[in-house]
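Visitor: The following block contains the structure, expressed as structure tokens.
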Amino acid sequence: MKHSIISAAIAFALAGSAGLAGAAGMTKPEVKAQKERIEADYKAAKTQCGTLKANAKDICMAEAKGKHEVAKAELEAQRDPSPRHDAKVKKEKAEADYKVAKEKCEDLQGNQQDVCKKDAKAAYEAAKGDAKVTKVAGEKGAASVNAASERKEAREETSEARYAAAKERCDPLSGQAKDTCLNDAKKKFNKM
């Protein structure tokens with residue numbers, strides 16, 4: 001009996017590690033086992049979050065949901081490797097990180113909270129842009145012009161989000177210090 005439990009545990013671990021290594025063509029039972037593991041992990045994480053209070057609970061729930069969505073996207077990418085699925089994994093990671101970061105910002109007050117949220121948005125835009133580029137650059141027959149266009153658009157969106165965060169950092173200042181801060185931000189992000 002012990003031998004069969006150990007064998008099952010080893011088989012499950014090997015199935016998981018093979019999936020993580022990017023093995024394509026998973027069997028239906030392997031996919032089902034992975035889905036069940038993902039759901040069990042999510043349920044356990046939510047239960048763990050239930051012991052927390054206030055914003056710590058919100059952060060924990062955002063982390064649990066994010067890991068759940070990323071794991072589902074990774075399973076799909078393992079099952080059917082493609083640039084589209086790779087991009088989906090990156091997008092899910094970006095969204096999970098963004099949601100957790102926003103929740104963490106809730107522990108701050110005033111301008112610090114605003115800056116934190118703008119920084120989170122800037123990081124999200126950068127990661128989301130990277131996911132778009134991955135998808136376009138990896139598609140069959142994708143012209144390099146399309147990939148270059150996506151890269152440019154991603155850089156612009158990221159720059160806009162970072163500029164917004166830089167402007168937010170100037171908010172608590174006043175007078176000449178605020179003017180200097182805003183001018184520095186404009187120069188840095190080519191907004192003059």
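Visitor: What are the pairs with Cβ atoms under 8 angstrom where one residue, in the range 37-53, is under 9 Å from residue 68 (Cα atoms) and among the small types (Gly, Ala, Ser) and the other, located anywhere, is modelled with pLDDT under 95 and assigned to a helix (DSSP H, G or I)? Sequence gap at least six, or different chains.
Guide: none
Visitor: Taking the range 159-192 as the search range and keeping residues that are aliphatic (A, V, I, L, M) and farther than 23 Å from residue 126 by Cα, which one is surrounded by the most Cβ atoms within 10 Å (Cβ to Cβ)?
Guide: Result: 173.
Visitor: Also, I was wondering about something else. If you scan the range 108-117, which residues turn out to be surrounded by 18 or more Cβ atoms within 10 Å (Cβ to Cβ) and without any contact (Cβ under 8 Å) to a residue 40 or more places away in the chain?
Guide: Answer for the range 108-117, where residues must be surrounded by 18 or more Cβ atoms within 10 Å (Cβ to Cβ) and without any contact (Cβ under 8 Å) to a residue 40 or more places away in the chain: 116, 117.
Visitor: Tell me yes or no: at least one residue of the range 140-155 is at pLDDT below 85, under 30 Å from residue 31 (Cβ atoms), surrounded by fewer than 19 Cβ atoms within 10 Å (Cβ to Cβ) and out of contact with any Pro (no Cβ under 9 Å at 6 or more places or on another chain).
Guide: Looking through the range 140-155, at least one residue is at pLDDT below 85, under 30 Å from residue 31 (Cβ atoms), surrounded by fewer than 19 Cβ atoms within 10 Å (Cβ to Cβ) and out of contact with any Pro (no Cβ under 9 Å at 6 or more places or on another chain).
Visitor: Same structure again: Considering only the range 172-192, state which residues are at pLDDT below 85 and either assigned to a loop (DSSP other than H, G, I, E, B) or on the phi > 0 side of the Ramachandran plot (or both).
Guide: 173, 189, 190, 191, 192
Visitor: For the range 47-100, what are the residues that are among the hydroxyl-bearing types (Ser, Thr, Tyr) and out of contact with any helix residue (DSSP H, G or I) (no Cβ under 8 Å at 6 or more places or on another chain)?
Guide: Within the range 47-100, 47, 51 meet the criteria.
Visitor: A further question on this structure: Condition (residue is surrounded by 15 or more Cβ atoms within 10 Å (Cβ to Cβ), at pLDDT below 85, under 29 Å from residue 38 (Cβ atoms) and of a type outside the set (Val, Ile, Thr)) applied to the range 118-130: is it met by at least one residue?
Guide: yes
The values are calculated or read from the model by the stated rules, or taken from the named source; none is laboratory data. In this text the structure is predicted, and so the values were computed from the model without any measurement. Quick reminder, even Gly has a Cβ in these numbers, built from the backbone with ideal geometry, and neighbours come from all protein chains shown.
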